[in-house]
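K.L.:
Quick one: this structure, given as structure tokens, is what I'll be asking you about.
Coordinate-derived values only; no laboratory data. Worth saying up front: this structure is predicted, and the values here are computed from it rather than measured. Here the Cβ is made from the backbone with ideal geometry for all residues, glycine too, and neighbour counts use every protein chain on show.
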Amino acid sequence: MDYVVLKDAADTTMELAFNSDVLVRVSGSIMAYYGDDVLKDCGFLGQYKALIFRTNSPHNELIGHQQLPLHKSALAVPANGCLKIEAFLMDVDSKKIIVNEMMEYCARPGGFSNWNIEGKKCSFNLTVGWIGGDKCR
């Protein structure tokens with residue numbers, strides 16, 4: 001287990017909701033990056049990444065309206081930095097990509113950041129709650 005000490009940090013809490021009226025088999029993951037510019041899987045001092053969500057091998061069968069379990073639901077992010085969330089999720093049956101992109105969120109003390117990911121048969125909503133820190137510039 002690795003630990004990172006941040007002098008001036010904003011704490012985050014995360015929740016991932018799933019919504020669909022039909023059974024959807026989903027494969028993929030959601031990662032969080034924070035610190036200096038992040039280059040793919042390379043990590044070095046000042047750059048950190050954390051697995052937020054990964055489907056069970058080889059996929060999750062999901063239906064209804066539910067909160068999904070996260071591998072990591074809380075992170076400390078540098079208060080003057082931003083949190084980058086990268087999501088790759090795919091519908092296993094249709095082989096269609098639901099999402100393959102990265103979003104960037106700056107600290108919003110006392111506020112929330114939302115990312116609503118719309119697929120053809122389902123949607124995901126990632127909510128990041130911000131506690132402490134100052135707004136980033």
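K.L.:
Neighbouring Cβ atoms within 10 Å as the yardstick, rank HIS71, HIS59 fewest first. The partial results should precede the final answer.
P.N.:
Working: HIS71 12, HIS59 16.
Result, fewest neighbours first: HIS71, HIS59.
K.L.:
With respect to the cross-link table entries LYS72/LYS120; LYS84/LYS120; LYS95/LYS120, which display a Cα-Cα separation exceeding 23 Å? List each step's numbers first, then the result.
P.N.:
Numbers: LYS72/LYS120 27 Å; LYS84/LYS120 25 Å; LYS95/LYS120 12 Å.
Where the Cα-Cα span goes over 23 Å, the pairs concerned are LYS72/LYS120; LYS84/LYS120.
K.L.:
For region 22-131, what D do you get in µm² per second when you plug the Kirkwood radius from alpha-carbon pairs into Stokes-Einstein at 4 °C and 1.567 mPa s? Before the final figure, lay out the partial values.
P.N.:
Details: Rh = 14.9 Å.
Answer, rounded: 87 µm²/s.
K.L.:
Fully extended, how many nm does the chain gain between LEU51 and SER29 (0.36 nm per residue separation, minus their Cα-Cα distance)? Spell out each step's value before the answer.
P.N.:
Working: separation 22, 0.36 × 22 = 7.92 nm, distance 0.77 nm.
Answer, rounded to one decimal: 7.1 nm.
K.L.:
Can you figure out the FRET efficiency of MET102 with HIS59, using R₀ = 22 Å and their beta-carbon distance, to the nearest 0.05? Could the numbers behind the result be given before it?
P.N.:
On the way: r = 22 Å, r/R0 = 1.01.
Computed FRET efficiency for MET102 and HIS59: 0.50.
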